[in-house]
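The values are calculated or read from the model by the stated rules, or taken from the named source; none is laboratory data. Model, not experiment: these values are computed from the prediction. Note that each Cβ is placed from the backbone with ideal geometry, even for glycine, and that neighbours are counted across all protein chains shown.
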Amino acid sequence: MKTSPYGAIAFRPDARRLTVSAPSGELTVWDTSDPSRPRPAGRLRTGRGIVAAAWNPSATDLLATVSNDGSGALWRLRDDSAPEGVARWAALPDRPRHVGWVAGGSWVFSMTGTGRTSVWDVGSGACVGRADLTGGRPVVGAHYRGSEVVAVTDSGWARLWRPGRRPSEWVRLTDRPVSACTWSSTMLVVGDLDGQAACFDAEFRPVHTLRVARERPRALACADDGRLVASAGDNQAVAVGRDGSVQWETYLRPPGAQSITIAGDLVALSAGRPRPTLLALATGAELAGGRS
């Protein structure tokens, strides 16, 4: 997930709830069960402002957030009731940029933009471990593989860490600077400054390379089955098939999009507006625009 002034964008796996952050530090929850008319469904705030959020992959009513003061929080967001704060912890000593789930949703991790990471057990509230994954190298994306946290740097390297062990050896993904990256259930995709995207399987073996933009992609998202990669450049969203063919191109109102995510058959984009833009994954047609 990318972060920006309106950057903590996260789609629930069933595509019925979406969270979008605001410069005020509030996180707005949107009901997207009717994609043509998304409705605000609650607002969250904690720890001097929320900067990133992630839905639990197995317990779909649980949302993890991290805030400017380094704290993490867990929220229960049922469709038929107001958001409920479940837990809060002092995740990191400085500002995090990434949050996600590990071990099938039993643990939650927080990571700074320079790779300092902590992992917490949701059930007990105990800290599972802390590590410096990148030695200060800037992190473009953070995700998980089973019980391992994965960090991808802007210089094209990846590193894994399983709490309780030392971080793994570095994995070289690309010799090009990385501007954006994304994961699906089957694939890791890293985009470079020239609009090329290198795709890897779960073992970080190269699968193929695609052109996803004419220039540096601001953000990337991948459909869960890996068939489609979408990139948001300046005022355009482009979807590309696994064979490299362009599936669709959609013009976006300025300032375009800094964040993009996919769930189900929907694409959600966020830029300099509090309201998200929703597109149909199959066609790129705009279902709900980003007008304030």
Going through segment 95-137 one residue at a time, which ones are in a loop (DSSP other than H, G, I, E, B) and either of a type in the set (Phe, Trp, Tyr) or touching a Gly at 6+ places or on another chain (Cβ under 6 Å) (or both)? Thr114, Leu133, Thr134
Considering only residues of segment 65-92 that are of a type in the set (Ser, Thr, Tyr) and within 21 Å of the chain's Cα centre (by Cα), which is surrounded by the fewest Cβ atoms within 10 Å (Cβ to Cβ)? Ser71
Is it the case that some residue within segment 228-238 is surrounded by fewer than 15 Cβ atoms within 10 Å (Cβ to Cβ), aliphatic (A, V, I, L, M) and in contact with a Lys or Arg (Cβ under 9 Å, 6 or more places away or on another chain)? no
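Table: residues versus (1) touching a residue at least 40 places away in the same chain (Cβ under 8 Å); (2) hydrophobic (A, V, I, L, M, F, W, C); (3) more than 21 Å from Ser118 (Cβ to Cβ).
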| position | (1), (2), (3) |
| --- | --- |
| Pro38 | yes, no, yes |
| Arg45 | no, no, yes |
| Ala53 | yes, yes, no |
| Asn56 | yes, no, no |
| Asp61 | no, no, yes |
| Thr65 | yes, no, no |
| Gly72 | yes, no, no |
| Asp79 | yes, no, yes |
| Pro83 | yes, no, yes |
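Determine which member of the set Gly123, Gly129, Gly105, Gly136 is surrounded by fewer than 20 Cβ atoms within 10 Å (Cβ to Cβ), closer than 26 Å to Ala221 by Cα and over 16 Å from the mean Cα position of the chain (by Cα).
Of Gly123, Gly129, Gly105, Gly136, the one residue that is surrounded by fewer than 20 Cβ atoms within 10 Å (Cβ to Cβ), closer than 26 Å to Ala221 by Cα and over 16 Å from the mean Cα position of the chain (by Cα) is Gly136.
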Scan segment 31-55 residue by residue and report those that are under 14 Å from Ala288 (Cβ atoms), in a loop (DSSP other than H, G, I, E, B) and of a type outside the set (D, E, K, R). Thr32, Ser33, Pro35, Ser36, Pro38
Could you please let me know if Ala257 is under 18 Å from the mean Cα position of the chain (by Cα), of a type in the set (A, V, I, L, M, F, W, C), outside any strand (DSSP E or B) and not assigned by TED's automatic domain parsing to the domain that holds Val20? yes
For the condition hydrophobic (A, V, I, L, M, F, W, C), more than 24 Å from Thr182 (Cα to Cα) and surrounded by 15 or more Cβ atoms within 10 Å (Cβ to Cβ), what is the one hit in Ala15, Ala41, Ala52? Ala41
Flag for Cys222 being closer than 21 Å to Leu287 by Cβ, surrounded by 14 or more Cβ atoms within 10 Å (Cβ to Cβ) and not β-branched (Val, Ile, Thr): yes
Can you tell me which residue in segment 179-204 is farthest from the chain's Cα centre (by Cα), limited to those that are closer than 9 Å to Arg216 by Cα and buried (at least 18 other Cβ atoms within 10 Å of the Cβ)? Gly195
